[in-house]
Each structure stands twice: as structure tokens, then as C-alpha cells.
1. I need the peptides A:84-96, B:92-104 ranked by packing, meaning the mean over residues of other C-beta atoms within 10 angstrom, with the highest value on top.
2. Lysines within cross-link reach of B:K64: Cα-Cα under 27 Å, excluding same-chain residues under 8 positions apart?
3. Would you calculate the convex hull of the Cα atoms in the stretch A:1-75 and tell me its volume per residue in Å³?
4. Suppose you put the label 7 Å out from Cα in the Cβ direction; list, shortest first and in nm with one decimal, how far B:G96 is from each other copy's label.
5. Distances from B:L72 to the same position in the other copies: list them in nm, one decimal, shortest first, using label points 7 Å from Cα along Cα→Cβ.
6. First measure r as the distance between the Cβ atoms of B:I98 and A:E6, then evaluate 1/(1 + (r/R0)^6) with R0 = 41 Å and state the FRET efficiency to the nearest 0.05.
7. Taking A:D10 in one copy and the same position in all the others, each labelled 7 Å out along Cα→Cβ, what are the pairwise distances from the first, in nm, shortest first?
Number of protein chains: 2
Amino acid sequence: MTENDEDRADAWFHALSDRTRRDILRRVLAGEHSVSSLARSYDMSFAAVQKHVAVLERAGLLTKRRQGREALANGDVEAVRSVGAMLTELEALWRGRISRMDELFAEQRQQQDQQQTPHDPPHTNG
Amino acid sequence: MTENDEDRADAWFHALSDRTRRDILRRVLAGEHSVSSLARSYDMSFAAVQKHVAVLERAGLLTKRRQGREALANGDVEAVRSVGAMLTELEALWRGRISRMDELFAEQRQQQDQQQTPHDPPHTNG
DNA sequence: ACAACGTACAACCATCTGGTTGTATGTTGG
DNA sequence: CCAACATACAACCAGATGGTTGTACGTTGT
């Protein structure tokens, strides 16, 4: 399970690590576009853009539907939210660190109190 | 300005696209670690881990401070939040699309009403 | 003093990546 | 019917990536 999560994350972040792909993703989140209409927006071959779209599709960041000879691409906002959730988990680790630092400071304060008044019964609040 | 933003985004997402680097980032967000202590956690050479740390540092996702012979690494939660903010902007594009679709539906409804009962006063139910 | 440790970086190598052109196949419009 | 269009994919290439080993240098502990 965790192994597959990491595979997905690899695909997500790799797909997002190219600026052309990020731009394509912006467009297909804002509205449906055919691959060829996307290709017309960039100074590179159709095949290059088609490969970028395929990378985004394999990563699950967009879906394609066929209409006649055109492939219409739509961004998948749920996948984008999932990537965001991963980052929120990273933030949570950092917040946990802060909590532990607070505990450490509390312990230190307690130890200082004990050193300063070693005979008094410890009392945490005034 | 925008050009440099894209450069930063390239570095962020590329740094996050490797699972070892994501794991390192989790550790250094949760607490300070020396490069060698990080290296002991992975089944690869010290040099490989040191390069991963360097990639994260160049991307601005962690900072290093020198203490004696050790380099102590700390995750930068602000950078992580900035990455999250980029994804939120992507979501905003999608929400804009939905708004536009709502407007479109409203227009269509209006046009249908006009076509169906061109002379009657419009009444939506009944 | 000096051996062990921690870090940094260069050189090297296999593989991946992002681009190209070319080709095949299905779809559409005149 | 057939030319033009849209897509997909293979083959190829230069450069980036992720790993390795080796070397150099500062720091620490005995």
C-alpha cells in the first residue's frame, strides 16, 4: 500500500516538475482542450506536447475522452487535491516537531525549577 | 518575475519527485539531522544521500547550518507551504471553470425559456 | 600527533528525460 | 473517394539524473 503511494507520488511530482506540463495542467483544469489545440499553444512539435499530455494522464492529473477524431483533455482536480494533501502531511510533521520542542522547553523549565529550589515540592503553575 | 517563479517551481517539484528526497524532507521537517545520520537511514552511499540533501537545499526546501564537523539540516516549512499554495492556485482555476459552466447553464436556461414560451410570461415550474 | 569521523566534490556510468522526425491509423468534409 | 486533420507511437539523440568510487580537507577524541 505504502509502496504504491510512493509510486503515485513519484508520478505526480515528476509530472509537475516540467513547466510545460504545469501550463497544460492549468489549461485543462480551467477548461476542456483537445491535444492539438494545446499543441498550438507551444513552440514545440505536436508529438512533444502529446507526450506531455500522456505523462499527465499516466500520473492521473488529467483524463482524456474521445470525441470523433479529437482527444479532449480535462484536469482532475481531485488528484491535485491529493498532492496538496501530501504537502499538508509534511507540514503536520513540522508542527509535531514544534510540539515536541514545547515539551522539551517545559521539561527544561521544570529541571531549572528543581535546580533552583531543590528542596521545595515541584509546582508547575504559580 | 514569472520566469523565476517557474524556475523555483521546477526545482521544488523536481526535488519532491524522488522518494528518498521526500523521506529526507519528512525527517528534517520533524527534526534536525546531520547529513551522516540521514545517510545511515538509507541503503545507498553517503555521497548519494549528500547529493539528495544538496538538491533539497538548492530547491530551498531545507537549510543547513554548520556545527563543528557536522552539517545539520532543517526542513523549511515555508517553502513547503509555497508549494501547497501553487496547487491551491491550480484548484482556483478549476473553480473558475465551474463558475463559468454555471453561467453557461444559466444562459442556456434563459434561451430555452425564451424559445419554449416566446409569448407567454416565463414560469420555471408547473 | 594522529586515527577516525563528517563533509564536499569530481569523475564515471547506466538509465531516464524531453525534444526531434517519421509512420500508421482513424475521422471528417468537400 | 480522398485530401486534410487529429492522434498515437516508434526510433533516435543530447543532456540530465541517480547511483557509484575515489580524493581532499576540516574536526574531534584519545
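1. Put in order of decreasing packing, that is A:84-96, B:92-104.
2. Result set, ordered by chain and number: B:K51.
3. 84
4. Reported distances to equivalent positions: 3.7 nm.
5. 5.8
6. With a Förster radius of 41 Å, E is 0.85.
7. Here the equivalent label points are 2.4 nm apart from this one.
Read the figures in this text as sums done on the coordinates, not as results from a lab. As the structure is a prediction and not an experimental result, all values here were calculated from the model. Neighbour counts run over all protein chains shown; Cβ positions are idealised from the backbone, glycine included.
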